[in-house]
Amino acid sequence: MKVSGFTFVRNALKFGYPIVESIQSILPIVDEFVVSVGNSDDETLALIQSIGSPKIKIVPSVWDDSLRAGGKVLAVETDKALAAVAKNSTWAFYLQGDEVVHEKYLGNIRAAMEQYKDDPKVEGLLFKYEHFYGSYRYVGDSRKWYSREIRIIRNDPTIHSYRDAQGFRKLDAKTGALRKLQVKLIDAYIYHYGWVKDPREHEKKLNYFPTLWNDEKGMEAWKDRLAKPTSAYLQQDIDSLAFFQGTHPEVMNRRVAMEDWDFDFDIHQKNFKRGKDRILYWLEKQTGKRLFEYRNYQII
C-alpha cells in the first residue's frame with residue numbers, strides 16, 4: 001500500500017498558516033507529500049523547501065484569481081495537487097494549510113487505510129474535527145463548525161475537490177453527475193487552527209480571504225462588518241465555545257508556547273441568534289448526536 005499526502009498553499013508566512021506543522025504531522029505515514037505552491041508575496045516556496053524531507057514534491061502553481069465565485073479557486077488548486085500524486089498510490093491524504101493531525105492518531109489512520117485498501121466500496125475515510133478559535137485554549141462547540149469531513153480519498157481520477165475545497169465528489173460514469181463519496185468514519189481527529197493566530201496576521205487574513213468568494217460589492221459589505229478591531233469582530237462572531245481538554249500535536253508545541261495575545265471568553269455565555277440553534281445545541285449536548293447536520297458524504 002502506497003500513500004500520498006497532498007495540499008496547496010499560498011502566502012503561508014503572510015497569513016500565519018501552520019503549513020510546515022501540517023505537512024510534518026503526517027509525514028511518518030505517507031510515502032510522498034505533494035505541495036502545490038502558489039504564486040506568493042512572501043517566501044512560502046523557501047518555507048516548504050526548508051522542511052528538507054525527500055518525501056516532499058513541490059508543484060509550482062499560478063492561481064487564477066478570477067475564479068473566486070464560491071471559492072472555486074481553492075478546489076482548482078486542490079485538484080492540481082491531487083493530479084500530481086503518484087499514480088500507483090492507493091490513498092491520497094489531504095490536509096489544508098491550517099489542519100494538523102495529532103501523532104496519537106497516526107496508528108489508527110494507518111490501520112484504517114490498511115483495513116479498507118482492498119474494498120472498492122470505500123471511497124474515502126471520514127475524520128472528526130476540533131476547531132480552535134481565538135486561542136489555543138478554546139474550541140468551537142456549536143453547529144456553525146462542521147463536525148466531520150473527508151480527508152483521505154481513494155486515488156481515483158474521477159474524484160475531485162468540490163466547491164470551495166471542503167470536501168470531494170466522484171464523477172458518476174453512468175449519469176455524468178457528481179455524487180457524494182461513500183466513506184467510513186475512523187477514530188481520528190483533524191485539528192483545525194485557521195481561527196487561531198496572531199491578531200495582526202488574522203486581520204490580514206480577514207481582509208484577504210473573503211476576496212476568494214466575493215465580487216467588489218460583496219467585499220464592500222464584508223469590510224463594513226470589519227470596521228472595528230479584529231478582536232472585537234472575533235468576539236461578536238462567537239455563539240459558543242468550550243475549553244480544549246486535550247493536548248496539541250507535538251509539532252504545534254512551539255506555536256502554542258508563543259501565544260502572546262489576549263483572548264478570553266466566558267464559556268457559559270451563549271449567543272445563538274436563533275432559538276432553533278439553541279435547542280439543537282442543547283439536544284446535541286444531551287444526546288451526543290448532531291441532528292439534521294448537512295453531510296458532505298455518505299457513511300457506509
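Alpha carbon centre of the stretch 116-154 versus the stretch 269-289: separation in Å?
Their Cα centres are 21 Å away from one another.
Report D for the stretch 108-150 in µm² per second (integer): Stokes-Einstein, Kirkwood Rh on Cα pairs, 37 °C, 0.692 mPa s.
Working: Rh = 12.6 Å.
The Stokes-Einstein estimate is 261 µm²/s.
Using a Gaussian network model on the chain with a 10 Å cutoff between Cα atoms, which of LYS285, LYS117, LYS184 fluctuates the most?
LYS285
If we count other beta carbons within 10 Å of each Cβ, what is the order of SER22, SER40, SER135, fewest first? It would help to have the intermediate numbers written out before the result.
On the way: SER22 28, SER40 17, SER135 20.
With the fewest neighbours first, SER22, SER40, SER135 line up as SER40, SER135, SER22.
Put one equal scatterer on each alpha carbon of the chain, apply the Debye formula with no solvent term, and list log10 I(q)/I(0) at q = 0.08, 0.11, 0.13 1/Å to two decimals.
-0.35, -0.70, -1.00
Determine the dipole magnitude for the chain: charges of +1 sit on the beta-carbon of Lys and Arg, -1 on that of Asp and Glu, nothing else is charged, the reference point is the Cα centre, and the result goes in debye to the nearest 20. Numbers along the way, then the final one.
Working: 46 positive and 42 negative charges, 236 e Å.
About 1140 debye.
Every number here is computed from the coordinates shown, using simple stated rules; none is lab data. Treat the numbers as computed from the prediction; the structure is a model and nothing was measured. Glycine also receives a Cβ, built like all others from the backbone with ideal geometry; neighbour counts cover every protein chain displayed.
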